[in-house]
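The values are calculated or read from the model by the stated rules, or taken from the named source; none is laboratory data. Just so you know, these numbers come straight off a predicted model, no measurement behind them. So basically every Cβ, Gly included, is an ideal-geometry build from the backbone, and we count neighbours across all protein chains shown.
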């Protein structure tokens, strides 16, 4: 058993806007690129050009179709998923070696690869399926929230954000301190009704999702089409209207 | 067990150097920061690629393809050396040869053609981003047979835009993302304006704006659309015409805008039977005339102080003329376009069509606003404000790739203009050097003679029958039959017809097919299996029907296997390129911009940038423009050309850092220009003055700025062409007027399709087949994380899109009793395929679709033979023919738009039946030998010294 810190000074995490995510996978690949070159062992790909390629990814995008409960046409939701840096992270408490840990200063959950024995218990314990055992390195890989970017003094300040946030073309990913109610991300969560993923699991995730806005409203209620009232029913009448309208210009 | 947190270096060194260049993972051309680290041998290696924050296109963001560029550079499929075919065509058996040998062979093939019959070379350059250079080479060679891939991509959108308003979407213009409130997007290829649209949608949503997606498939942008309109493929034009009908009928059009800035007040000759019928009344200098509403007098359209009358009419010399606007009123108010009439065909309820039109009208007129920015128009009138209408539209291939695509794109452009939302705040904005009317573009040229350059640029915009590319005897001058009566306005050529026509010897036989970067034996051709047969077919003497094929590609694609001589290109990080204003620009609405690529790494193989190879071939062949009077090389390589070539005095491929480095647009050659680009992050940008930011076609401040930068040599304000006279001139010829006459079998089609006002007609193929036998529409989409075939060789991207089931809508899924894991037989009038299926609910109920170009030939792209792309992956191309079904008249009718020749990919109709599960999709194609072997099993790379 590994212990969680009683509290953390900050709760750094992501806010992901499901109303805006177009499912382009930009975040997936930027993450793969950064984390191959940085924290710990490179993310490997096995059978890379073969029949069943399996690579380590710290972030993946799933797409779902949802039939609205009140009827209406199916909606498509793109759902990016990575470690949610939970307050009560079961992946930490299950770790037999102390390799999995949650940082007390910012709440980031990390794996100390030098202590990881690749037993996979943490991946079993994570209800979100966000940990992947690297097939080549034999150690557990997970989102680091780009801990080697966000404090990195070799980067310009504007770039001290996770790679997935920096690259997201639609601006659907936001990074900040969810423990600070005045932070931009906290305000966004409040304004848009941000929610926890699977709260019943009791993991108290830090990352939040912003729900898709209501869709297909244009004909859901009777529509006001008074603006389309014809100016005249007959072609001649239309020209009469034109004449008057031109005079009024 | 509590252990102290391990020490962690949170400030590791990111890289040893950052080199800034331009992405080429799709056509979007974003700026990238390539992070370099020292490798074990001390040489710098590519470690990580991210977006360049300063770059005008992507402003720091980067898509999945862009970030995966490192795996393209590391791809095992990269060709290693020039190849000469040793086995039969298509086998993939080659021997490696030296560059000297390769270039000597190419010269020995091409030299005699230039000396005797230059048209026997067909040079088509695919997804070329250097067309102003490759066309220059072809022009100096003297063959009329040159084009890039536009004809099988989105020529309908581009051409309809140029003819209507001087530009279209993407490279021509963009939404005013900062101010728009409603964005309506029709079927889109994601790699066209990829990151800017995603950024724009994000910005629009953050501003509280709404997105309406009109698309048979609810994925990508349509997934985040507030409103999804799952239209039946090929009927977009009908929906747009119905919206125009409703808006016009309700007077929800911008009359002020129409009278000032469009040809709506121009006067149409109505004399029956006259050779002038349908043409506009002009003065002696050719200027269109309008009636001044204040005086009732006829005046040139651009005269200061006039108020052009939309309701005017004139009787002159016995001929009645009424305004274009009155013709439009009759045309669009027709009962044919009521929502009730079009509803069934479009698959959208009449109520929904009304709701869409009402929403567009509400935002355009009720949310109109003004910017406090004075400007002066071309008639000399000063305006204190700029009026904004915050509705914008975007569309690309989805509505283009139909045989009614040109008129559909026209309809969309006309809708925007009627709302007064083009070149105004909140609407659609052109990007410099656009807008440019037809008059600012060349006409096509095709006069070819031995040992001579062509008489002018190959591609252009025809004004009437006199500009068609016909020989003296009236037969097509070009192998692809571009600019003929079959497709008179084919401004991008018809690359998809080249192999088929060359094989058929129709209109003539060629000797050498020279292709660059287009997978024409696979996903870039219709009718893939037959095309492979055409490429390998032999005549009665045992010689190949297409005698010689030269191909340049960086990777071991399917097309490589069909070449006789392969000229291996570099990857995009190993080369010079220029993203030129003379070519396909990357500007923003607020700025002119261009960019370069430069070798951030040197190739580790015996490969050369294709453009430098063309320079070398140009010298070996002694082409004008490439050698001086003494026969000496003018340019050492492509980089040298980029810096030193001048199209007109002071105007070169790159607009930035000219002269002493301080001149923009116009200026002397600057030998240090490429270094200045590199220092500046790989690009150049020049901002549009605020006074010139909108109303560009009519804004004197913009016109002067554009002349200063060299886009054109004198101000050329013009009117938007709601009514397109060149189309009418084609109709007049078809009605029997003029010397140049179409063949009789095409007369009626020209009259029917080339209406000078936007119309809708059913897809050509629909008229030839039994729609009940093929009731289902079939489409492809390009995934956001892939570009054509290129993604499959990329170890990261193929894990995102390694499979392509056929997605089937609920109605068909249930009718046919499909279950997960099932397979289907899909049949078109041309062929059948057997493929895996998957259920999708967010789909037009009569449409199936799959991802484009995931299916691969075994042996290609350095994939293992068991790779899913080569086993279960498939192409819909097998079901699509480049020709319409035979009509029994012995003629070969192209499956293309009859106006532009755009390949009608999305007209495809099929029927679908359940079939037994299989291990391999059908048809199966024999495998090709890989000249580069297969990729490694394990990829685990970190650049470390």
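Within region B:48-65, track down each residue that is out of contact with any strand residue (DSSP E or B) (no Cβ under 6 Å at 6 or more places or on another chain), more than 7 Å from chain A (Cβ to nearest Cβ) and crowded, with 24+ Cβ neighbours inside 10 Å.
Passing the criteria: B:57, B:65.
Which residue out of B:37, B:80, B:13, B:95 is touching a strand residue (DSSP E or B) at 6+ places or on another chain (Cβ under 9 Å), within 12 Å of another protein chain (Cβ to nearest Cβ) and surrounded by fewer than 17 Cβ atoms within 10 Å (Cβ to Cβ)?
Details: B:37 fails: surrounded by fewer than 17 Cβ atoms within 10 Å (Cβ to Cβ); B:80 fails: within 12 Å of another protein chain (Cβ to nearest Cβ); B:95 fails: within 12 Å of another protein chain (Cβ to nearest Cβ).
Testing whether each residue is touching a strand residue (DSSP E or B) at 6+ places or on another chain (Cβ under 9 Å), within 12 Å of another protein chain (Cβ to nearest Cβ) and surrounded by fewer than 17 Cβ atoms within 10 Å (Cβ to Cβ) leaves just B:13.
Check off (1) touching a residue at least 40 places away in the same chain (Cβ under 8 Å); (2) surrounded by fewer than 20 Cβ atoms within 10 Å (Cβ to Cβ) for residue B:157 and give me the number that stays unchecked.
(2) is the only condition that residue B:157 fails.
Can you tell me which residue among A:15, A:77, A:28 is crowded, with 24+ Cβ neighbours inside 10 Å, in a strand (DSSP E or B) and touching a strand residue (DSSP E or B) at 6+ places or on another chain (Cβ under 9 Å)?
A:15
I need every pair where a residue in region B:670-684 that is surrounded by fewer than 16 Cβ atoms within 10 Å (Cβ to Cβ) has its Cβ under 7 Å from the Cβ of a residue that is in a helix (DSSP H, G or I), sequence separation at least 6 or different chains.
Correct list of pairs: B:671/B:643.
Using the structure shown, decide if residue A:186 is within 16 Å of the chain's Cα centre (by Cα) and free of Cβ contacts under 8 Å to residues at least 12 places away in the same chain.
So residue A:186 fits the description; yes.
How many residues are in contact (Cβ under 8 Å) with a residue 40 or more places away in the chain and within 9 Å of another protein chain (Cβ to nearest Cβ) if we restrict to region B:230-265?
Residues in region B:230-265 being in contact (Cβ under 8 Å) with a residue 40 or more places away in the chain and within 9 Å of another protein chain (Cβ to nearest Cβ): 10 in total.
Quick one: is residue B:324 in contact with a strand residue (DSSP E or B) (Cβ under 6 Å, 6 or more places away or on another chain) and either within 15 Å of residue B:418 (Cβ to Cβ) or not assigned by TED's automatic domain parsing to the domain that holds residue B:776 (or both)?
Yes.
Hey, can you tell me all the residues within region B:831-846 that are away from every other protein chain (no Cβ under 14 Å) and touching a strand residue (DSSP E or B) at 6+ places or on another chain (Cβ under 9 Å)?
Once the filter is applied, which keeps residues that are away from every other protein chain (no Cβ under 14 Å) and touching a strand residue (DSSP E or B) at 6+ places or on another chain (Cβ under 9 Å), region B:831-846 yields B:832, B:833, B:834, B:835, B:836, B:837, B:846.
So for region A:149-158 (the condition being surrounded by 19 or more Cβ atoms within 10 Å (Cβ to Cβ), touching a residue at least 24 places away in the same chain (Cβ under 8 Å), within 27 Å of residue A:20 (Cα to Cα) and at the interface with chain B (Cβ under 10 Å from one of its Cβ atoms)), does at least one residue qualify?
yes
If a residue must be part of a helix (DSSP H, G or I) and touching a helix residue (DSSP H, G or I) at 6+ places or on another chain (Cβ under 8 Å), how many such residues does region B:728-748 contain?
Number satisfying all stated conditions: 8.
Condition test on residue B:213, is it surrounded by 22 or more Cβ atoms within 10 Å (Cβ to Cβ), outside any helix (DSSP H, G or I), at pLDDT 95 or above and away from chain A (no Cβ under 12 Å)?
So residue B:213 does not fit the description; no.
Which is in contact (Cβ under 8 Å) with a residue 24 or more places away in the chain and over 24 Å from the mean Cα position of the chain (by Cα), of B:732, B:764, B:727? So that I can check it myself, show each step before the final result.
On the way: B:764 fails: over 24 Å from the mean Cα position of the chain (by Cα); B:727 fails: over 24 Å from the mean Cα position of the chain (by Cα).
It is B:732.
Before we move on, is residue B:87 closer than 29 Å to residue B:906 by Cα and either surrounded by fewer than 22 Cβ atoms within 10 Å (Cβ to Cβ) or touching a strand residue (DSSP E or B) at 6+ places or on another chain (Cβ under 9 Å) (or both)?
no
Does residue B:225 satisfy the criteria of being without any contact (Cβ under 8 Å) to a residue 60 or more places away in the chain, more than 23 Å from residue B:404 (Cβ to Cβ) and either surrounded by fewer than 24 Cβ atoms within 10 Å (Cβ to Cβ) or in contact with a strand residue (DSSP E or B) (Cβ under 9 Å, 6 or more places away or on another chain) (or both)?
yes
Collect the residues in region B:766-800 that are assigned to a loop (DSSP other than H, G, I, E, B) and either in the same structural domain as residue B:186 (by TED's automatic domain parsing) or within 20 Å of residue B:870 (Cα to Cα) (or both), keeping them in residue-number order.
Residues satisfying the conditions are B:782, B:783, B:785, B:786, B:787, B:788, B:789, B:794, B:795, B:796, B:800.
Any residue in region B:905-921 that's surrounded by 14 or more Cβ atoms within 10 Å (Cβ to Cβ): show its pairings with residues that are modelled with pLDDT under 95 at Cβ separation under 6 Å, as long as the two are six or more apart or on different chains.
Pairs that qualify, where the first residue is surrounded by 14 or more Cβ atoms within 10 Å (Cβ to Cβ) and the partner is modelled with pLDDT under 95, are B:907/B:765.
Within region A:134-143, is even one residue buried (at least 17 other Cβ atoms within 10 Å of the Cβ) and either over 30 Å from residue A:3 (Cβ atoms) or at the interface with chain B (Cβ under 8 Å from one of its Cβ atoms) (or both)?
Checked against the condition, which is being buried (at least 17 other Cβ atoms within 10 Å of the Cβ) and either over 30 Å from residue A:3 (Cβ atoms) or at the interface with chain B (Cβ under 8 Å from one of its Cβ atoms) (or both), region A:134-143 yields at least one hit.
Return the only residue of B:881, B:852 being in the same structural domain as residue B:807 (by TED's automatic domain parsing) and in contact with a strand residue (DSSP E or B) (Cβ under 9 Å, 6 or more places away or on another chain).
B:852
Considering each residue of region A:31-43, count those that are at the interface with chain B (Cβ under 7 Å from one of its Cβ atoms) and either outside any helix (DSSP H, G or I) or touching a residue at least 60 places away in the same chain (Cβ under 8 Å) (or both), and give that number. Can you show your working first?
So in region A:31-43, the residues at the interface with chain B (Cβ under 7 Å from one of its Cβ atoms) come out as A:32-34, A:36-38, A:42.
So of that shortlist, the ones also either outside any helix (DSSP H, G or I) or touching a residue at least 60 places away in the same chain (Cβ under 8 Å) (or both) come out as A:33-34, A:38, A:42.
The qualifying residues number 4.
Results for (1) out of contact with any helix residue (DSSP H, G or I) (no Cβ under 8 Å at 6 or more places or on another chain); (2) within 14 Å of chain A (Cβ to nearest Cβ); (3) free of Cβ contacts under 8 Å to residues at least 40 places away in the same chain, shown as yes or no for each residue.
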site: B:315; (1), (2), (3): yes, no, yes
site: B:324; (1), (2), (3): yes, yes, no
site: B:345; (1), (2), (3): no, no, no
site: B:350; (1), (2), (3): no, yes, yes
site: B:353; (1), (2), (3): no, yes, no
site: B:361; (1), (2), (3): no, yes, no
site: B:371; (1), (2), (3): yes, no, no
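Please indicate, with yes or no, whether at least one residue in region B:786-803 is buried (at least 24 other Cβ atoms within 10 Å of the Cβ) and within 13 Å of residue B:912 (Cβ to Cβ).
no
Just need a number here: residues in region B:850-879 that are within 14 Å of chain A (Cβ to nearest Cβ) and on the phi > 0 side of the Ramachandran plot.
3
May I ask you to list the residues in region B:692-713 that are touching a strand residue (DSSP E or B) at 6+ places or on another chain (Cβ under 9 Å) and either surrounded by fewer than 17 Cβ atoms within 10 Å (Cβ to Cβ) or in a loop (DSSP other than H, G, I, E, B) (or both)?
B:693, B:694, B:695, B:696, B:697, B:698, B:710, B:711, B:713 - these are the residues of region B:692-713 that are touching a strand residue (DSSP E or B) at 6+ places or on another chain (Cβ under 9 Å) and either surrounded by fewer than 17 Cβ atoms within 10 Å (Cβ to Cβ) or in a loop (DSSP other than H, G, I, E, B) (or both).
Considering only region B:546-637, give the strands (runs of 3 or more DSSP E) lying wholly within it that have at least 3 residues that are crowded, with 21+ Cβ neighbours inside 10 Å and over 22 Å from the mean Cα position of the chain (by Cα).
B:565-568
Please state which of the following conditions residue B:716 fails to meet, knowing it meets all the rest: (1) modelled with pLDDT under 95; (2) crowded, with 19+ Cβ neighbours inside 10 Å.
It is condition (2) that residue B:716 fails.
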